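Novice: My structure is below; once you've seen it, I'll send some questions.
The values are calculated or read from the model by the stated rules, or taken from the named source; none is laboratory data. Quick caveat: nothing in here was measured; it's all calculated off a predicted structure. When we count neighbours, we look across all protein chains shown, and the Cβ atoms used for this are built from the backbone with ideal geometry, even at glycine. Please note that ligands, DNA and RNA were not included when accessible areas were found on the heavy atoms of the full protein model with its side chains. Shrake-Rupley method; radii C 1.70, N 1.55, O 1.52, S 1.80 Å.
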Amino acid sequence: MKASFESRLFLLLLYITFLHAGAIFFFTRGFLLTRTELSHFSLCHDAHSAPCAPAAFSFGSDVQPPAAQQHSMDHRKLELEFCSGSNLDSATCTSQLSQLADGQALGEGKGADLGFARKNAELELAGADSGIELKVDAEAADPKLSKCWTEPAVKRVVIMIIDALRFDFVAPSTYSNLGAMPWMNKLKILQELVDKEAPAATFFKFISDPPTTTLQRLKGLMTGGLPTFIDIGHSFGAPAIVEDNLILQLKRMGKRVVMMGDDTWLQLFPNDLAEVYPFPSFNVKDLHTVDNGVIKELFPALHRDNWDVLIAHFLGVDHVGHIFGVESPLMVEKLEQYNAIIEKVISLLRDLSKPGSPHEDTLLIIMGDHGQTLNGDHGGGTAEEVETALFAMSMRKPRGFLPQQLRSSPCNSFSVDSGDDCISTLPQLDFAPTLAALLGLPFPFGSVGRVNPELYALSAGTWPNFQLIPPQPHETFVVLIEWLERYLTVLCINSWQVKRYFEVYEASALSKFPAEQLSSLNDLYVKSHLLANIIRKNQGPAQIGTGYEEFLHKRISNLTDEILSFSSFLKAAGLLARSQWTQFGDVYMAVGVLTLIVSVAVHAVALQRLFGIGIDIKEGKLVQLLPVRRVSMTSIGSAAMMIIIVIAFHSLSKNRLTNPFARSVNSLKDELPLTVFGVLLCSSAFSYLSTIERSYNIKAGHHMTFQWLLNSKVPDIKNCAAILFVIIHACSLLSNSFILSEGQVASFLLASLGLLYLRHAIQERSKLLQAIFFLCLNRALSSIGLIGIVKDAAVQVPVTNEISDSSGSYARWDGWALLLSAVGLTSLPLILLSWMLRQHAFRNREAKHGILFMPAIAVPSAYTLIIIHWLAMDLSGIHLVDMGDFMYEFSRLQLPRMVYATSIVLTFVAAFISWRSTTQKGKSYRDEVVKDAAVALVAAWSPTIILLVGRKGPLIACLVFFAVQCLVDLQSLKRLQQEMAMEKTDNDMYSVPAVDWNFLAILLFFCTGHRCTFDGLRYPAAFIGFDDFNLYRQGALLAIDTFGLSHVLPILGIPLLVAASYSVSDITKQAPLTLQIGKAYLSFGMMRAVSATFATICAALQRRHLMVWGLFAPKYVFDAIGLLVTDVLLVIATLLYCPPR
């Protein structure tokens, strides 16, 4: 049975979709999925292996590990060195040191770690002749503070997370180049506490790592690692964390974690939280439900003592930003609400922090997970998105201050007003190990951060608990030495853990670290320990009196050098992790890029063969359009050959071969399914291209030539310019600046094509007005969407009755302004579109198919529902009319659903009529049905897309309609010219207009407020008509909003552009309409493929660029998804307009 042209076209588009999907799969696997998540977990007894494990710590055995014994010997050597310079005889000094080391000289018989014991010995020896008495607090070794890797410093931790907390929400306007803004410095209570309570309270600029979405940030905060970029795909459905993390370690240590707020925590830790009070997080239009739920549970929980860590995750600021932007008055109101809540929490903790009270040793942490842009978006790596704030306060004031060398700011002031340089920075990578050290937990196995000295020193439990009576001048130095000794031990364990993780990762992961960089990192680790040994060997003897103070200064300097040495190793480890953590799979990326390039070649050859078919469709030419048998047999044969070769060489390598070639064969065997898939892709493409010089007309027996190469005519300037502009646009994607300005680039290129139309119109003295009008419309579209992307005003999208209050923040427009806006921006454009649709249906009222009958009635009705919906939201938001709860909820929820239902029903009806008519009637009749079906389908989807786009949707849709009409009229110029010359239709007439269509579609993507970044996704659109979250439903609405105007409508409307150059009155001079639609579809798809290929190449070349995750990777993801959406829509449209027969 011979396949028809329509069947060949359908299979060809399916095959191209297969190539694109395979190419994107391979490149994505190498570019994004690169970090291996290890299933290893840290345990308490692991610290036996640490070279600096505290000797006095309990590891479940009375026998001291060898490493701890060596550590004890090193400390004993230092103590003996000190005794050599004391006034006591050696035997007495050694005896007292031994007693102190065993905890017998501490008065209460409680044990302390060796560092504390040695310093107590120094103090007692120094004060033996001066009447100094050593006092130790009774709480020196609380049995509840079980020892593991480090000495616990706090009993309880309260963590308040304010989602999307910008740094300038807390800091004064002096930190911003925006000047004084209403939302700045709204959490005033934090600054007051830093000023009054230092060093018990401090403030950090909290630096996150991209991607700055809540899921990835929570994973990073709890694991101490760097989540991979592809995890952003889980933002609508977070998987449980499989790596080691703080929550799991708390559970294993018998500690209880209570969480309230964002339900993402429950998805990440479904079995590890003791108490959970989750609230839905994805309804960004709900500003208060989550926060009110947290407030309701927070204060009663603070009075209870049945938990160890309490997490309260607020979402109001994030939701206000997504809906209204940072500059909305609602943002100020929400921040002021948080300020009052924080003030109440601190007051309550203070009241319950007296000795014996539940919070006498509690640490309060208030922080953001990421920032947000002025538009309320986040996800990328800009300073606004990665910079947030962390405030920490200990209920017990620490005894000392850190040396300046250990602070990340160059000044000693603790005031937030002291200037930007005086704010310390804290990478989020350091949060997990620091909190683990404070709580006495094993560090999460995958953490690569550093225990931050400033946050660690904030807890009074990290400082010594003795007092000298009477106070001595050198007491401050002794206290500092005591802390430095303890922190050095913690930092040494921290370094050992990071080194252990790198070693295990290197041995287990498929993607290795560069050998040179890993060797340098190991050298830093060894040098840190060598430096410590050298310092201890050169430690001079101490002299009581003035010599002892010099000894203390030298000891402080030496300890600081040791700490800085370990810190250098940990910082280098963090840099290596950030640069190489997501090690790229170069082979997979190369296969993906190569397949994309080959797919573009397949596209070009298929398009050339389609042009070569001409008016008379012959079987021989159809076979060459897609030689199914040749391609399939070649692909299957190549795949089978690859399987045989791999298995044969693998068997041989096990017996004889041990060289790199054998290892390569073994790796191919491990990835055999992917290898076979890659061979199928490449062999099928090369098989298709191998017939490029063998394109024979089977019946006539003569060789087919490339028309576009051998055409004797001089190329038309419009055709050359169209090809040139496609190349220019593709090459511009290799630059980050042009990626940021892609909307302006598309507008400029479209205007340039408009000037060529104007030139042609002047030459033909026809359609001059349309050409000028098209240029004006292009400028208008650019002005609407590309000047600035702003959020809807608060008055425009009121969501719940809770949002409306008596503050009057919504009463920004009076009734008349609201009425004029509703009429001018929404009602009039929709009425105009309805009238034009009815006029078109009226002109075709005699058509027997009746495909426009239902859209002419239902689409204007849907437009009316949209107007009523928006008007009801506005009137309710400004309290102009009291609608009642029923009417308000009906307008808010039911009217949008009715619009969606209208689009779905009309689509099925139009598809059914089109399918039935095109498969049963004659050629001329089918051509008429195809054109009317295009109108019906575009009209059917327009209400849903306009509703999701928002208030400027009607105006943009109206401008686009007129721009398309101008393009249609201008395209008819060439047809009229050829009809007058009695020529047959040129083949390029149906591909060049697709260039205009493509640039117009790109312009529509950006002028509707979208961007190729994840923070540019318009999440509120997914909840229009719905309050609850459903992954598939909300995902579908978000996809329609994102790709509706730039992909769905242009592809459904391409037949309208083809019809402008197609004359039904004389079909003998031109090929069938379905053939011309196929040419236009292949041309449109090829341009999208070229753009996606260049975006992919750019991502591969710039994979080490500073902005790879903030710009190039999102651009690749959007273009790759857009290419697949285009391919799928082209296949569907072919089924609708050119059904296989």
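Novice: Quick one: net charge of residue 519's neighbours, Cβ under 14 Å, K/R +1, D/E -1?
Specialist: Within the 14 Å Cβ shell, the charges total -1.
Novice: From the backbone phi of the range 1043-1059, what are the Karplus-calculated ³J(HN,Hα) couplings (6.51 cos²θ - 1.76 cosθ + 1.60, θ = phi - 60°) in whole Hz, Gly and Pro given as x?
Specialist: 10, x, 6, 9, 10, 5, 5, x, 5, 5, x, 4, x, 5, 5, 5, 4
Novice: Let me ask another. In the neighborhood of residue 38, defined by Cβ-to-Cβ distances under 9 Å, what is the net charge if each Lys or Arg adds +1 and each Asp or Glu adds -1?
Specialist: -3
Novice: Still on this structure, please answer the following. Scan around residue 1008 for amide H atoms under 5 Å from its own, H built in the peptide plane at 1.01 Å from N, and keep only partners 5 or more places away or cross-chain.
Specialist: Excluding prolines and chain starts, which carry no amide H, there are no hits.
Novice: I would also like to ask the following. Hey, with R₀ at 51 Å, roughly what FRET efficiency would residue 271 and residue 644 work out to, going by the Cβ-Cβ distance, to 0.05?
Specialist: Working from the Cβ atoms, E equals 0.60.
Novice: What nm distance separates the two modelled labels at residue 1128 and residue 531, each placed 7 Å from Cα along Cα→Cβ?
Specialist: Here the answer is 5.5 nm between the modelled labels.
Novice: Counting only residues 5 or more places away or on other chains, whose amide H sits under 5 Å from the amide H of residue 277 once H atoms are built in the peptide plane?
Specialist: 259, 260, 261
Novice: When you count, for each residue, the other Cβ atoms within 10 Å and take the mean per peptide, how do 490-499, 329-338 rank with the highest first?
Specialist: Those peptides, ordered most packed to least, come out 490-499, 329-338.
Novice: Another question, then. Shape call for the range 201-346 from the C-alpha gyration tensor, a ≥ b ≥ c root eigenvalues: rounded (a/c under 1.5), prolate (a/b greater than b/c) or oblate?
Specialist: Note, shape of the range 201-346 comes out oblate.
Novice: How far, in nm, would the chain grow between residue 630 and residue 554 when pulled straight, counting 0.36 nm per residue and subtracting the alpha carbon separation? Don't skip to the answer; put the middle values down first.
Specialist: On the way: separation 76, 0.36 × 76 = 27.36 nm, distance 8.23 nm.
Between residue 630 and residue 554, full extension yields 19.1 nm more.
Novice: Next question. Ranked by accessible surface with a 1.4 Å probe, highest first, in what order do 45, 1047 come?
Specialist: 45, 1047
Novice: Could you tell me the accessible area of residue 553 in Å² (1.4 Å probe, neighbours in place), rounded to the nearest ten?
Specialist: 90 Å²
Novice: Work out, step by step, the length gained on full extension between residue 839 and residue 728: first 0.36 nm times the residue separation, then minus their alpha carbon distance; give nm to one decimal.
Specialist: Extra length from residue 839 to residue 728 when fully extended: 36.0 nm.
Novice: Let me ask you something else. Over the range 1079-1141, what is the relative contact order in percent, taking alpha-carbon pairs closer than 8 angstrom and at least six residues apart?
Specialist: 39 percent
Novice: Jot down the radius of gyration and Dmax of the range 262-361, Cα atoms only, both in angstrom.
Specialist: In Å, with Rg to one decimal and Dmax whole: 15.3, 47.
Novice: Residue by residue through the range 439-445, what is 3J(HN,Hα) from phi via Karplus (6.51 cos²θ - 1.76 cosθ + 1.60, θ = phi - 60°)? Round to whole Hz and write x for glycine and proline.
Specialist: 8, x, 9, x, 5, x, 4
Novice: Can you pick out the pairs among 296/1115; 186/571; 251/1115; 952/1115; 255/334 whose Cα atoms lie more than 31 Å from each other? Before the final figure, lay out each step's value.
Specialist: Details: 296/1115 42 Å; 186/571 33 Å; 251/1115 41 Å; 952/1115 25 Å; 255/334 33 Å.
Table pairs above 31 Å Cα-Cα are 296/1115; 186/571; 251/1115; 255/334.
Novice: In addition: Quote to one decimal, in nm, the extra length available between residue 738 and residue 883 on full extension: 0.36 nm per residue of separation minus the C-alpha distance between them.
Specialist: The residue 738-residue 883 span can extend by a further 47.4 nm.
Novice: Another question, if that's okay. Just grab the label-to-label distance for residue 354 and residue 568, each label 7 Å out from Cα along the Cβ direction, in nm (one decimal).
Specialist: Placing both labels 7 Å along Cα→Cβ, they lie 5.1 nm apart.
Novice: How large is ³J(HN,Hα) for each residue in the range 1074-1080, as worked out from phi by the Karplus curve 6.51 cos²θ - 1.76 cosθ + 1.60 (θ = phi - 60°), to whole Hz, x for Gly and Pro?
Specialist: 4, 5, 5, 5, x, 4, 5
Novice: If you don't mind, there's one more thing I want to ask. Under 5 Å between amide H atoms, partner at least 5 residues away or on a different chain: which partners does residue 407 have, H built in plane at 1.01 Å?
Specialist: Long-range HN contacts for residue 407: none found.
Novice: For a Förster distance of 30 Å, can you work out the FRET efficiency between the beta-carbons of residue 178 and residue 408, rounded to the nearest 0.05? Numbers along the way, then the final one.
Specialist: Values: r = 24 Å, r/R0 = 0.81.
FRET efficiency, residue 178 to residue 408: 0.80.
Novice: Please compute the modelled spin-label separation between residue 196 and residue 686, points set 7 Å along Cα→Cβ, answer in nm with one decimal.
Specialist: 7.6 nm
Novice: Could you rank the peptides 1077-1090, 1025-1038 by their average count of other C-beta atoms within 10 Å per residue, with the highest value first?
Specialist: 1077-1090, 1025-1038
Novice: Based on the Cβ-Cβ distance of residue 575 and residue 783, what FRET efficiency does E = 1/(1 + (r/R0)^6) give at R0 = 51 Å, to the nearest 0.05?
Specialist: Using R0 = 51 Å, I get an efficiency of 0.70.
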